[in-house]
Amino acid sequence: MSRLIVISNRVQAPTANESGAQGGLAVALTAALREADGIWFGWSGEIGDTSELRFRTYDGVTSATIDLLEQDVEEYYDGYANRTLWPLFHYRLGLTEFERDFQGGYERVNRVFGSVIGPHIEPDDLIWVHDYHMIPLGWVLRQQGLTNRMGFFLHIPWPPTRLLTALPEHRRLVDSLFAYDLIGFQNDEWLETFHDYVVTEMGGVIGDNGDVTVGNRTIRAIACPIGIDAREFIAGVESSQARETHKRMVESSAGRGLIVGVDRLDYSKGLEERFNGYQRFLETRPDAHAQVYLLQIAPPSRVEVESYRDIRAQLDSLSGRINGAFADIDWVPLRYVNQGYSRSVLAGIYRAAQVGLVTPLRDGMNLVAKEYVAAQDPADPGVLILSRFAGAAAQLNQALLVNPYSPDDIADAIERALTMPREERIERWRQLYDNILHEDVIWWRKRFIDALMEVEPARWRAHAS
Ligand code: ADQ
């Protein structure tokens, strides 16, 4: 069996201290690497002046990290990744910054990664590169003569062609993707928008079997939705910490219905719009006052980036306004918490919530929606309200799908969820649960690796020569 080499910006392999916020990628890959004899390469998250690799093995997962120079972090991570690609790929052209220095730093850091990782790759290794931070890495590794099977998975949406072409170096970026053998997207929608770019901007041809050909280069592109480690999450719901949290939530709710939101504090998650929707619900349903409350958990992320500080300030003031307008001496309609919690605490909170409110404006997938479903009591499950613009909506279509931009849509869905008869809740939940159980992270990993094993890597060799 080939070794699996995973490369992503941040390595969040398991540590002795697992509490705190974990990104979706970390949650998914930890489970995947444990099953294979893998190494996870990436940035340590630290600033330092040496790019020496540091290896560490814990709980069956080996990781190897490097530090980055301060300028690299500013241009590559805070800059191109978080101020250029992230907003652009989430359809937020107005927040997208176009700086040559950012692009230069991005390509430079990808070359650094390539030069330190390349020597550790063995001929049989399968290489799996993750996400928008690392798009050109495959090309960098090919420049070193590597002919390994190499796949790339994009965790975020692929933007419409007309938006992508606002990026001055769009063609160069997409060209570099053709160094991989396989590219995976979260769903058919992002795959189709990628196809559209290839056909309209590159004169490419899409084959029946997922092959995408531009000139003399052929790669394969597939939709491969990521899942959660459903069995582990479900087992976690029974842990003593989850039970304790559940009890605490039930007690502190004092008979009121709990609506829960759990997100990284990010403008793509639609938190402001969600608060507006909840406010509309309170304005238009006075009978519901003191009967429900919204618990929004949102630990800050990317605090170096101005747009993230802005959204935080807006949410602080909006949550204050909602509570100021509606709270009573014994009822606070919105509990807004800016910290991360361990997975078992989250499981207990999800379980106690009658409604899971997941309303991103745009999201590659969204694992919180799946975790909420996994945590429910089969005999009395809560209702998932899900944005139609989350990648997860393609699989979880038994949720109440909403337009996250519409406060009325959100308010109506909250009411419908809170009053839904138990039989309907069970019926919807069963289908959602079935999906998250079958299309879990193991299924995702297998589907991607199987597809990578199927493609003929000689296609790269032939074209490189
Ligand atoms: P993210 O944008 O980070 O991931 P998401 O899929 O929702 O978003 O994953 C978040 C993960 O972090 C979940 O496992 C959640 O439990 C955890 N988390 C969130 N808030 C937390 C908190 N307060 N405390 C503890 N844990 C918290 C990116 C893409 C997504 C895609 C994933 C995986 O943006 O669209 O689903 O990668 O591909």
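The values are calculated or read from the model by the stated rules, or taken from the named source; none is laboratory data. Small disclaimer: the values here were computed from a predicted structure and weren't measured. Positions of Cβ are generated from backbone atoms using ideal geometry, with glycine treated the same way; all protein chains shown enter the neighbour counts. Ligands, DNA and RNA are stripped out before the accessible areas are found, and what is left, the full protein with its side chains, is counted by its heavy atoms. Shrake-Rupley method; radii C 1.70, N 1.55, O 1.52, S 1.80 Å.
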Worksheet item: In whole percent, how big is the carbon plus sulfur part of the accessible area of the chain, probe 1.4 Å, protein atoms only?
Response: 46
Worksheet entry | Counting all C-alpha pairs of segment 44-147, share separated by more than 24 Å (%) | 29
Item to complete: Mind pulling the angle between the C-alpha long axis of helix 188-202 and the longest principal axis of the chain? Nearest 10 degrees, somewhere in 0 to 90.
Response: 40
Discussion item. Using the Cα atoms of segment 148-268, I'd like the radius of gyration and the largest Cα-Cα distance, Dmax, both in angstrom.
Written reply: 21.3, 66
Worksheet item: Does anyone have the angle between helix 441-454 and the longest principal axis of the chain? Alpha-carbon axes, 0 to 90°, nearest 10?
Response: 20
Worksheet item: How far is helix 422-438 tilted off the main Cα axis of the chain, in degrees rounded to 10, range 0 to 90?
Response: 20
Worksheet item: So what is log10(I(q)/I(0)) for segment 230-438 at q = 0.10, 0.17 1/Å, when the Debye sum runs over its Cα atoms only?
Response: -0.38, -1.22
Practice prompt. For every other residue with a beta carbon closer than 13 angstrom to the beta carbon of Asn276, add +1 if it is Lys or Arg and -1 if Asp or Glu, then tell me the sum.
Written response: -2
Discussion item. Tell me the net charge near Arg428. Cut-off is 15 Å between Cβ atoms, Arg428 excluded, with +1 for each Lys or Arg and -1 for each Asp or Glu.
Written reply: -1
Item to complete: Percent of Cα-Cα pairs per 10 Å bin, from 0 to the last occupied bin, for segment 372-441, please list those.
Response: 21, 52, 25, 2
Response to the item:
For the chain, the dipole about the Cα centre with charges only on Cβ (Lys and Arg +1, Asp and Glu -1), to the nearest 20 debye, works out at 300
Discussion item. Largest first, please: the extent of the C-alpha atoms of segment 50-101 along each principal axis, to the nearest Å.
Written reply: 43, 25, 10
Worksheet item: What's the percent breakdown of Cα-Cα distances in segment 212-270 across 5 Å bins, shortest bin first?
Response: 4, 11, 10, 14, 16, 13, 9, 6, 5, 4, 4, 3, 1, 0
Discussion item. Let me test this: with uniform point scatterers at the alpha carbons of the chain, what is the Debye-based log₁₀ I(q)/I(0) at q = 0.11 1/Å?
Written reply: -0.90
Practice prompt. Could you work out the local net charge near Val358, counting Lys and Arg as +1, Asp and Glu as -1, over the other residues with Cβ closer than 12 Å to its Cβ?
Written response: +1
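Please list 319-327, 266-274 highest first by mean number of surrounding beta-carbon atoms within 10 Å per residue. Don't skip to the answer; put the middle values down first.
Details: 319-327: 14.7, 266-274: 23.9.
Peptide ranking by packing, descending: 266-274, 319-327.
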Fill in: Share of alpha-carbon pairs per 10 Å distance bin for segment 200-313, given as whole %
10, 21, 24, 23, 12, 9, 1
Worksheet, complete the sentence: With -39,500 (n - 2.57) per DSSP H segment of 4 or more residues and division by the full residue count of the chain, the 222 nm estimate, nearest 500 deg cm²/dmol, is -12500 deg cm²/dmol
